[in-house]
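Since every read-out is calculated from the coordinates, none of them should be taken as a lab result. Values in this document were obtained by computation on a predicted structure and should not be read as measured data. We place every Cβ from the backbone using ideal geometry, glycine too, and count neighbours over all the protein chains shown.
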Amino acid sequence: MLNHDSSSEWPKALLQHRPDSDSQRAEEPLARRSFLKLIGVGSFALGAFPLGAAAQAGATTPAAALKPTQQPSAFVKIDRDGAVTVTINRLDFGQGVQTGLPMILAEELDADWRQVRSVHGSNDPAYVDPVSGMHITGGSSAIRNSYTQYRELGARARAMLIAAAAARWQLDPAQLRTESGAVIAPDSRRASYGELAEAAMAMPVPATVTLKDPKTFRLIGQPTTRLDAAPKSSGGQSYGIDMRLPGQLTAVVARPPVFGAKLVSVDDQAALAVPGVKKVLRVPMGQGLEVVAVIADGYWPARQGREALQLGWDSRAGEKVDSTRQLAAYRALAAKPGTVHFDADLPSLGKGPRHIDAEYVFPYLAHAPMEPLNCTVQFDASGADLWVGTQFPGRDGEAAAEVLGLKPEQVRVRVQMAGGGFGRRATGGSELVVEACRVALAARQAGLDAPVRTLWSREDDIRGGFYRPMHVHKARIDFDPQGKVLAWDHVIVGQSIAAGTPFENWLVKYGVDKSTVEGMREPYALPMRLSVHHPRVNVPVLWWRSVGSTHTAFVMETLIDEIALASRQDPVAYRMKLFGPEAERHKAALQLAVDKSGYGKRKLPAGRAWGVAVHESFKTVVAYVVEASMKAGRPVLHRITAAVHCNLAVNPRSVEAQIQGAAVMALTTCLPGAAITLKDGVVEQSNFSDYPVARITDMPKIEVHIVPSAEPPTGLGEPGLPPLAPAFANAVSRLTGKRVRELPFPTA
Amino acid sequence: MPTLNVNGRAHAVDIPAETPILWTLRDTLGLTGTKFGCGAALCGACTVHLDGQAIRSCITPISSAEGRQITTVEAVTGGSDRVGTAVRHAWIKHDVAQCGYCQSGQIMSATAFLKSLPKGKRPTDADIDAAMAGNICRCGTYARIRAAVADAARALA
């Protein structure tokens, strides 16, 4: 999941790094494929003729000169029976945009919500993020960036339906109104959207539309059950892993045990003897690297075949990472200033009346989405189809085209509902898709004429890299007895996520990766100097739900708490005092969490303590007030009161779910063993046995409250995560008298 | 050729007897509601019922299902199973799922648990936690799972 700052710079940054960059193509306004293909029998994509017919005939831009992202035809389909199908331009991997985006569109369409469904989009140009111009799910940006887009799409479709009714009844469109999937005339005649869809399809797409006054919203703001709640409660929801094409084969891939190791020998005799195994293939991955794909009828024989392989790897060339040595090296780096990110005039440190000298350590973390990674590829000389749960379908399509020797427009990336992701399905090099395409290509070259699904095991996932980077923070703070910070010198050590990826130009500025430092200092007005070291380490790293804030929020919110207590102030009152003028939403969220929790008013049972933290990430502020205790030397979280400021809450039920879920994921980062470590270059963990995640038995009571607001909505996928661990740690420190300076929490 | 009884139907399957039930269901019979999560009985995504008992199908070979009844999420929530139906309704009512990938397994564990309760017994949160502790949800839907299981128990009482 990506930082959102300057997101308008994304496409430029990417184009510069694209070997086959072609700005003509990037700026081309028309979809290459007609949306007519989307239309099933008896259903109508509104505006399909104006866009689709023009595109097919090779004519110029349709009359309204709207971008593909503004054409209702790509987003709304209405069946004769009135069913409205909304296409979402993002990946839904749990965060609820497959309900939130249709709610926004249906609101302006005045659809009957009971008739609304949603489907995923593809790498079609219509489905780019309208702000960045890229196909992207990340940075908690879906609702934030597509709120106005989906409102306008709904309003355009509604106007076309009204136009169709006006033509049928020979009335002025201005006399007509809409309600719950029907157009209604002044004399109470009604025509359902289903009846009108075919005629509406031929109506011009209006260039401009008037949107509703938010006060009149009937759907937006209502707690709404997910559109996929029923299939997800009966085993009926299909995910990428469930793709079953005729003749489909499954590939299980043996990858280097040390990142970057070279394959030197393959003994596949035993593997080929496994019933169901078709081929064992050495698959070139570029730069002299190879993997070995075992291709079989299904996952089990492929997996058995891989177990039977005897492979030789040469790992002498690359660094063999050892976590213990790495930590020592990071600590040594943290003792020295790095590249300065922001500066302040600091008096000589250590001379203040009060002083903190703190070091924090954070491990590598795997995303471990429940659905193991997979990608199904079907291709021939005329084109390719990919079925994959991806956050970057556009880049994936281009990467697939390059591997398969096709043009990008010949590749259709069909975005599949994904079983979690948390950033793992967004790699700048499209590594998952590239590997799956290389495997499919190798299979074809070996005479297997079949679609190939590359499927990872859980062990592949845990050991596969692309982790949240390991970090060390070093803070030296002088403050006075009143808690006024006099000087704060801060050093962060951690790999740059963007370095060496197409995102480098966009994210790395003056030697500092913005995703490393996001969440530092703000919203507190502090005299802080922040510098950064970005060591190069032979471990691939990636954004992990809430990215930099996974560690910066922990450091900032525990240190602020420490200063408050050291100056004998209530941590809530201290924060309220310290907030800068830009922090009104922080104040509102923290106050709501305090009020609802009973903090400072309610007496806690013996042995329990309060913990507080508040943090903004991706434009949404979340505050937590928690209650914790120690049980047999182990911290236990009992109760969480959350308050969220996300401006207008489009679907409060979804807001609650995202906060609940992010809190659990954050809780996992506190649990013993929640770390990826390496020894001799090899990842030491492999499955949920040694990389534990929170279970229902760890689940505290949780209440989520939303600060009322009518401002345009901000996102929810990530912001619930950062402040939970520091709130918990602050409670633990109250109980033990010791500050918690690492995640996972140290074991006694 | 091993014969597998799945959801009341017998299937002759031409695959090795040590193949796990999970991959037989998914890749051979096309019943994809049962999910692959860890392959090591650690996460519960693959939970099915074997003669009514919740088991981890990812490590259970089809040989151990000979002559026994396998029930999957498709059948348990298909309408004819009173407890499964109550669980499905509670799951929808509480809007439990996020990504939803683990929920087949959660529902199978919840259904087996509710069926194991003495008639009229209402489970506590601790009972529910103990019964559901083997099922991981990475999205963190545990609060709603707890509420949904309790609600289903109420509906069945």
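Counting only other chains, and only Cβ atoms inside 10 Å, what mean value do you get across the residues of A:697-706?
3
Dividing the Cα radius of gyration by the Kirkwood radius, what Rg/Rh value follows for the stretch B:1-77?
0.91
Would you mind computing, in nm to one decimal, how far apart the modelled labels at residue A:317 and residue A:568 are, each placed 7 Å from Cα along Cα→Cβ?
Calculated label separation equals 6.5 nm.
Please list, in chain and number order, the residues 5+ apart from residue A:278 or on another chain whose amide H is under 5 Å from its amide H, with Hs placed from the backbone.
A:295, A:296, A:297
With +1 assigned to the C-beta of every Lys and Arg and -1 to the C-beta of every Asp and Glu, and no other charges, what is the dipole magnitude of chain A about the Cα centre in debye, to the nearest 20?
Roughly 1400 debye for chain A.
Hey, in the GNM for chain B with a 10 angstrom Cα cutoff, which one of B:59, B:107, B:70 fluctuates hardest?
With Cα springs under 10 Å in chain B, the top fluctuation among B:59, B:107, B:70 is at B:59.
Residue by residue through the stretch A:708-720, which ³J(HN,Hα) values in whole Hz follow from phi under the Karplus form 6.51 cos²θ - 1.76 cosθ + 1.60 (θ = phi - 60°), with glycine and proline marked x?
x, 6, 10, 5, x, x, 10, x, 10, x, 10, x, x
Where does each of A:73-81, A:375-383 land if you order them by average Cβ count within 10 Å, highest first? Numbers along the way, then the final one.
Working: A:73-81: 24.7, A:375-383: 19.2.
Taking the mean over residues of other Cβ atoms within 10 Å, the ranking is A:73-81, A:375-383.
Between the DSSP loop rule and a limit of at most 16 other Cβ atoms within 10 Å, which chymotrypsin sites (Phe, Trp or Tyr not before Pro) in the stretch A:473-557 are left? Intermediate results must be reported in sequence, preceding the final value.
Values: sites: A:479, A:488, A:503, A:506, A:510, A:524, A:543, A:544, A:554; in loops: A:503, A:510, A:543, A:544.
In loop regions of the stretch A:473-557 (DSSP not H, G, I, E or B), the sparsely surrounded chymotrypsin sites (Phe, Trp or Tyr not before Pro) are A:510.
Under a GNM of chain B (C-alpha, springs under 10 Å), which listed residue has the highest mean-square fluctuation: B:76, B:48, B:13?
B:13
What residues have an amide H closer than 5 Å to that of residue A:266, excluding those fewer than 5 places away on the same chain, when H is modeled at 1.01 Å from N in the peptide plane?
A:312
Just tell me how shielded A:365-373 is by partners: mean number of partner chain Cβ atoms within 10 Å of each residue's Cβ, no decimals.
Other-chain Cβ atoms within 10 Å of each residue's Cβ, averaged: 5.
D for the stretch B:1-151, whole µm²/s, Stokes-Einstein with Kirkwood Rh over alpha-carbon pairs at 37 °C and 0.692 mPa s: what number?
Reported coefficient: 212 µm²/s.
Hull surface divided by four, with the convex hull built on the Cα atoms of the stretch B:82-156: how many nm²?
In nm², the orientation-averaged hull projection of the stretch B:82-156 is 4.2.
Would you kindly work out the equivalent ellipsoid of the stretch A:241-343 from its C-alpha gyration tensor and give its semi-axes, the square roots of five times the eigenvalues, largest first in whole Å?
Equivalent ellipsoid of the stretch A:241-343: 39, 18, 12 Å, largest first.
Note down the Stokes-Einstein diffusion coefficient of the protein assembly as shown in µm²/s, whole number, using a Kirkwood radius over alpha carbon pairs, 4 °C, and 1.567 mPa s.
Numbers: Rh = 28.7 Å.
After rounding, the answer is 45 µm²/s.
Among B:54, B:90, B:40, which one moves the most in a GNM of chain B with springs linking Cα atoms closer than 10 Å?
Ranking B:54, B:90, B:40 by mean-square fluctuation puts B:40 first.
Please name whichever of A:358, A:445, B:30 sits farthest to the positive end of the charge dipole of the protein assembly as shown, dipole taken about the Cα centre and charges placed at Cβ: Lys and Arg +1, Asp and Glu -1.
Among A:358, A:445, B:30, the one farthest towards the positive end of the dipole of the protein assembly as shown is A:358.
Among B:92, B:79, B:4, flag the residue with its Cα farthest along the positive direction of the charge dipole of the stretch B:4-93, charges on Cβ as +1 for Lys/Arg and -1 for Asp/Glu.
B:92
On full extension of the chain, what length is gained from residue A:595 through residue A:630, given 0.36 nm per residue of separation minus the C-alpha to C-alpha distance?
10.1 nm
Give the peptides B:110-123, A:651-664 in descending order of average Cβ contacts within 10 Å, highest first.
Most protected by this proxy first, the peptides run A:651-664, B:110-123.
State the extension gain, in nm to one decimal, for the chain segment bounded by residue A:381 and residue A:216, taking 0.36 nm per residue of separation less the distance between their alpha-carbons.
54.1 nm
Going down the table (A:77/A:232; A:679/A:738; A:631/A:701; A:351/A:738; A:232/A:701; A:603/A:701), which pairs top 26 Å between alpha carbons?
The answer is A:679/A:738.
Once label points are set 7 Å from the Cα along Cα→Cβ at both residue A:287 and residue A:190, what is their separation, rounded to one decimal in nm?
Here the answer is 6.2 nm between the modelled labels.
List every residue whose amide H lies under 5 Å from the amide H of residue A:453, counting only residues 5 or more places away in sequence or on a different chain, with H placed 1.01 Å from N in the peptide plane.
Answer set, sorted by chain and number: A:249, A:250, A:251, A:377.
Hey, any idea what Rg/Rh is for the stretch A:302-369, computing Rh the Kirkwood way over Cα pairs? Spell out each step's value before the answer.
Numbers: Rg = 21.7 Å, Rh = 17.8 Å.
Expressed as Rg/Rh, it is 1.22.
From the mean inverse distance of alpha carbon pairs (Kirkwood) and the Cα radius of gyration, derive Rg over Rh for the stretch A:499-603. Intermediate values should be presented prior to the final figure.
On the way: Rg = 17.2 Å, Rh = 16.2 Å.
Rounded to two decimals, Rg/Rh equals 1.06.
Apply the Karplus parameterisation 6.51 cos²θ - 1.76 cosθ + 1.60, with θ equal to phi minus 60°, to every residue of the stretch A:468-483 and state each ³J(HN,Hα) to the nearest whole Hz, in sequence, with x for glycine and proline.
Running phi through 6.51 cos²θ - 1.76 cosθ + 1.60 with θ = phi - 60° gives 4, x, 6, 9, 10, 10, 10, 10, 10, 10, 9, 8, 9, x, 8, x Hz.
Give me the distance in nm between label points sitting 7 Å out from Cα along the Cα-to-Cβ direction at residue B:127 and residue A:577, one decimal.
In this crude label model, residue B:127 to residue A:577 measures out at 5.1 nm.
Kindly work out what percent of the DSSP beta bridges joining two residues of chain A are antiparallel, to the nearest 5. Provide the component values of the computation, followed by the final result.
On the way: 89 of 116 bridges.
Here the share of antiparallel DSSP bridges comes out near 75 percent.
Which whole-Hz couplings ³J(HN,Hα) result when phi for each residue of the stretch A:108-117 is put into the Karplus expression 6.51 cos²θ - 1.76 cosθ + 1.60, θ = phi - 60°, listed in order with x for Gly and Pro?
Result, ordered by residue: 6, 6, 6, 6, 7, 4, 5, 9, 9, 10 Hz.
Hey, what D do you get for the stretch A:343-442 in µm²/s if you plug the Kirkwood alpha-carbon radius into Stokes-Einstein at 4 °C and 1.567 mPa s?
Here the translational diffusion coefficient equals 80 µm²/s.
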